[in-house]
Amino acid sequence: MTYAEVFTALADPTRLHIFEALRGQPRTVGELAKDQPVSRPAVSQHLKVLESARLVSVEPQGNRRLYSIQRDGLDVLRQYLDSFWSDALTAYGAEIARRVDNK
């Protein structure tokens with residue numbers, strides 16, 4: 001999984017809303033569809049994309065499927081964003097060193 005795949009999965013506003021709706025607790029497609037401006041089959045398709053990006057997991061429970069956030073799926077995104085933080089800190093340290101040397 002690459003950070004680009006995670007960004008792509010979350011770039012769609014409906015998928016992002018579905019992902020955020022799972023933040024509090026696992027939910028079924030029917031429960032998720034109630035709060036979406038798209039049909040239940042469309043919610044299922046969006047969930048497949050999120051599952052493919054390893055952002056959600058699904059657990060069959062009888063005749064329904066329970067979706068929840070797969071938190072370790074965010075690791076690749078976290079690592080990508082952390083690399084920017086590391087770059088910023090390195091640049092900050094270099095600037096401090098440059099200013100100290102110029103005194």
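The values are calculated or read from the model by the stated rules, or taken from the named source; none is laboratory data. A quick note: this is a predicted structure, and the numbers were derived from the prediction, not measured. All Cβ positions, glycine included, derive from the backbone under ideal geometry; neighbour counts span all protein chains shown.
Is it the case that some residue within segment 28-42 is without any contact (Cβ under 8 Å) to a residue 12 or more places away in the chain, of a type outside the set (Lys, Arg) and closer than 25 Å to Ala4 by Cα? No: zero hits. Taken over segment 66-103, the criterion of being of a type in the set (D, E, K, R) and assigned to a helix (DSSP H, G or I) is satisfied by Arg71, Asp72, Asp75, Arg78, Asp82, Asp87, Glu95, Arg98, Arg99, Asp101.
Taking the criterion of being of a type in the set (A, V, I, L, M) and touching a helix residue (DSSP H, G or I) at 6+ places or on another chain (Cβ under 8 Å), the residues of segment 55-92 that qualify are Leu55, Val56, Val58, Ile69, Leu74, Val76, Leu77. A residue that is touching a Phe, Trp or Tyr at 6+ places or on another chain (Cβ under 6 Å) and more than 16 Å from Ile69 (Cβ to Cβ) occurs nowhere in segment 17-35.
Is it fair to say Phe19 is aromatic (Phe, Trp, Tyr), modelled with pLDDT of 95 or more, part of a helix (DSSP H, G or I) and surrounded by 10 or more Cβ atoms within 10 Å (Cβ to Cβ)? Yes: the conditions hold for Phe19.
Would you please name the residue that is modelled with the highest pLDDT, looking only at residues in segment 42-95 that are of a type in the set (Phe, Trp, Tyr) and surrounded by 14 or more Cβ atoms within 10 Å (Cβ to Cβ)? Checked segment 42-95; the qualifying residue modelled with the highest pLDDT is Tyr67.
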